[in-house]
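See structure below.
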Amino acid sequence: MPALPPALEGLASLAGNLSWSWHRQARALFKNLDEVTWHRTRHNPIRFLNEIEPSRLERAAADPTFVAELERVLQWMEGEQSNEHTWFGRTWPDLRERPVAYFCAEFGFHNSVPIYSGGLGILAGDHCKGSSDLGLPLVAVGLFYQRGYFDQRVRLDGWQEDSDEIVAPDLIPITPLTGMRGVPYIAVIQTFGRPVHVRVWSMRVGRVPVYLMDTALEENHPDDRALLSKLYGEGEDLRLRQEWILGAGGVRVLRALGQEPAVWHANEGHASFMMLERVRELVASGKSFEEAVAAVRATSVFTTHTPVPAGHDNFDATHVADCMGPIWEELGISREHLFQLAENPRQPGRFDMTALAMRLSTHVNGVSQRHGLVSRTMWKGLWPDRPDLQVPIGAITNGVHLATWMANPMMELLDRHLGPDWWSWWTRLDNSKQEERIRTIDDLDLWRVHQGLREVLFRFMREDARRRFADDWKEATQVVGAGALLDPDAFTIGFARRFATYKRANLIFRDPERLHRLLVNARRPVQLIVAGKAHPADHPGKLMLQSVYRFTHDPFYEGRVAFVQDYGMYPAHILVQGVDLWLNLPRVPMEASGTSGMKAALNGVPQLSTEDGWWEEAWDGTNGWTIRRPATEIPPEDADARDAEELYRLLEQEVVPLYYDRDERGIPAGWVDRMRNALRVAVGHFTAHRMLREYTERYYVPSMRGDVSADDPPTV
């Protein structure tokens, strides 16, 4: 941190805890110092304080109003260190010191900390933020990827190129911890016959401590120093080592730091080795293998996030044995017995991380009601004697962190409508009354807020195109493809997803002539903004991205299709807040949840989606449009043709006409009613606070108190 005037030294403390990122007054402090630099540094307060002109800091230090506001925010931040008066602290005061250890391979806290790839990481970040708000004693464990995920650059021909930008630890709020006698590592773990020393970095997300591991130490073999440098690196052995360190290494790190969690939550199968390490600990302490497994199951929660088979990691059994060594000898069992814990009947001979987690957890859940049902069918082989509906896999539908994803102007509108205490209305867990009050928001007020957010979106699109043209691009068609010709008054559809083939980013382009008629209609023009990355190893996903990108350069569409490169949390905020309609087209039933539509709805943006994931629960006929699932399963190509036809019909006959049907004030009253209902449903049912309440009441507290039954384990 740079030297700050004494009156502003609190800004350094503020920047050191990511709670500033969802506190409006805290964000406003930085923005009011220098709005241009704040946006140029993409809301990274540490980078911002290093780049702002010292004269601006001196003026602020001499401003008593600014200094007083800083003091108020710091007092709020100090209160965030205790959970005594929070929802959890008031409800279960005897459990405040019994933490939940939350393991995940990626965390999306803020765009300035790029250690996430997409939905799983953003959900994990929102889980931590919601836990902080509610006072849930959570401790998060993950990996510090100093090369992040990857940065996307799309060539003129539409092919995605992948590059890395090193994450600078001195520009994010992260601190390295040292071990005993000052050594730079906290734990040591054996992998492939070598000791790997694990360094730990500490980060604060409100009340939640986050511990991130890496291996870039001189103490390690040169081949091991980069093990954790890149998220989801290519190659099975690398992925296996990362997950071994995340799970087994993470447990050892928590022990070395004196943490004694009461509950252990594995967010997706990447963290399953955490459970196996705890079994090893208990056997080493004198328990039998069977007793250790029962004890681990009783205190373990496992959340699965995808019905896509490729999303469930499984490894060659021999490689797993080489990676972790003969751990079965420490457990007092045979190698075969141990590996049966991770056997998936659909893939015999492979070490399946999801199967391992399910066999070592009492509480297992999908992330929407539909996903829970799909998961029970998908994994019924672990409970062969049970009917599908009795397979003990539950469902807790995802939610998103309201204060992170709702735009300031929308929150200010709700402040005026729901009450002046902004902190209480959005943290309130009983939402029935405020849902009814949202129904009465004035059309003109809501429309004006949305129009302001649209202006922010189009300004971002222009500036991003200008910056890339100056720095990299030299072809005019690339500027057009970035949205330079978009019409600020035209109906704007947003589609931003990972470019996996089942998400069908190309479905709307299935009939080019029909799409052309929609887009270039002189009276009711439509335009489309697309964003997203394909996994570096997903060749079909890259081909789909290339095909979509080429439409942005096609003069046939007159510059009405745009692609936002290098999609991450910063442009995501602007897109979900500023488009008119959110589009989501996964092939049913491949969508587990789909939280991007929730974020859009929190900003009054209706969704048009297939009937899958969270949308099956959320759609009530007033808050958007749905493409109903067929009565019986049909081949994928037939499903694509059917869904595309319904998509075009809805846009042509219902969606676009409703948007352009204006009253005497120039307001599309019917459309604004859809916006209001999208907001109502999202605030009432699809926030991280609702999600965390369910996890706490159904899983965490019973496990903390030992009130769980572990008498129905999967078959081994």
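Estimated at the nearest 10 Å², the accessible area of Glu463 is 100 Å² with a 1.4 Å probe.
Taking a probe of 1.4 Å, how large is the accessible area per residue of the range 226-289, in Å²? Please report the intermediate quantities before stating the final value.
Values: 1760 Å² over 64 residues.
Each residue of the range 226-289 exposes 28 Å² on average to a 1.4 Å probe.
For the range 580-623, backbone nitrogen atoms closer than 19 Å to the point 7 Å from Asp445 Cα along Cα-to-C-beta are found at 602-605.
Place a +1 charge on the Cβ of each Lys and Arg in the range 86-141 and a -1 charge on the Cβ of each Asp and Glu, then give the dipole magnitude about the Cα centre in debye, rounded to the nearest 20.
Numbers: 4 positive and 5 negative charges, 22 e Å.
Rounded to the nearest 20 debye, it is 100 debye.
Comparing Tyr549, Ala534, Trp582 along the charge dipole axis of the range 504-582, the residue lying farthest to the positive side is Trp582, per the Cβ-charge model.
Look at the dipole of the chain built from charges on Cβ: of Ala618, His127, Val36, the Cα furthest out on the positive end belongs to Val36. Taking label positions 7 Å along the Cα-Cβ direction at both Ala669 and Glu78, the computed distance is 5.3 nm, reported to one decimal.
Spacing of the modelled spin labels on Glu645 and Val456, each 7 Å from Cα toward Cβ, amounts to 4.1 nm.
Compared with the alpha-carbon gap, the fully stretched path from Arg90 to Leu156 is longer by 18.0 nm at 0.36 nm per residue.
Apolar share of the accessible surface for the range 200-246: 47 percent from carbon plus sulfur atoms, 1.4 Å probe.
First measure r as the distance between the Cβ atoms of Asp388 and Glu260, then evaluate 1/(1 + (r/R0)^6) with R0 = 30 Å and state the FRET efficiency to the nearest 0.05. Walk me through the intermediate numbers first.
Values: r = 38 Å, r/R0 = 1.27.
It comes out at approximately 0.20.
In debye, nearest 20, what is the charge dipole magnitude of the chain about its Cα centre with +1 on Lys and Arg Cβ and -1 on Asp and Glu Cβ, if you could check?
Values: 80 positive and 97 negative charges, 112 e Å.
Computed charge dipole of the chain: roughly 540 debye.
As an exercise, use a Förster radius of 51 Å and the Cβ-Cβ distance of Tyr660 and Ser709 to find the FRET efficiency, rounded to the nearest 0.05. Before the final figure, lay out each step's value.
Values: r = 57 Å, r/R0 = 1.12.
Efficiency for this residue pair is about 0.35.
Ordering Val400, Leu276, Met324 by the projection of their Cα atoms onto the charge dipole of the chain, which places +1 on the Cβ of Lys and Arg and -1 on the Cβ of Asp and Glu, puts Val400 at the extreme positive end.
Put a dot 7 Å past the Cα of Glu236, heading toward its Cβ, do the same for Arg416, and the two dots end up 6.0 nm apart. Recomputing Rg and Dmax of the Cα atoms in Å from the coordinates shown identifies the correct label among (1) 25.4, 79; (2) 32.0, 99; (3) 26.5, 87 as (1). Per residue, the range 46-175 exposes 39 Å² of solvent-accessible protein surface, assessed with a 1.4 angstrom probe and all protein chains in place. For the range 261-386, the fraction of 1.4 Å probe accessible surface lying on carbon and sulfur atoms is 50 percent. Computed extension gain for Arg466 through Leu4, at 0.36 nm per residue and net of the alpha carbon distance, reaches 163.0 nm.
Bridging of Lys533 to lysines at a Cα separation below 29 Å is possible for Lys129, Lys230, Lys474, Lys503, Lys542, Lys599, once same-chain residues fewer than 8 apart are set aside.
Multiplying the residue separation of His516 and Glu69 by 0.36 nm and removing their Cα-Cα distance gives an extension gain of 155.7 nm.
Accessible surface area normalised per residue over the range 556-643 is 28 Å², counting heavy atoms of protein chains with a 1.4 Å rolling probe. Take the Cα of Ala226, step 7 Å along the line toward its Cβ, and report every residue of the range 136-173 whose backbone nitrogen sits under 20 Å from that point. Only 143-153, 161-169 pass the distance filter. Computed in the context of the full set of protein chains, the accessible area of the range 551-629 at 1.4 Å probe radius has 53% of its extent on carbon or sulfur.
The values are calculated or read from the model by the stated rules, or taken from the named source; none is laboratory data. Remember, it's a predicted structure, so these values are computed and weren't measured experimentally. Glycine gets a Cβ as well: all are built from the backbone with ideal geometry, and neighbour counts include every protein chain shown. These accessible areas exclude ligands, DNA and RNA; they are computed on the full protein's heavy atoms, side chains included. Shrake-Rupley method; radii C 1.70, N 1.55, O 1.52, S 1.80 Å.
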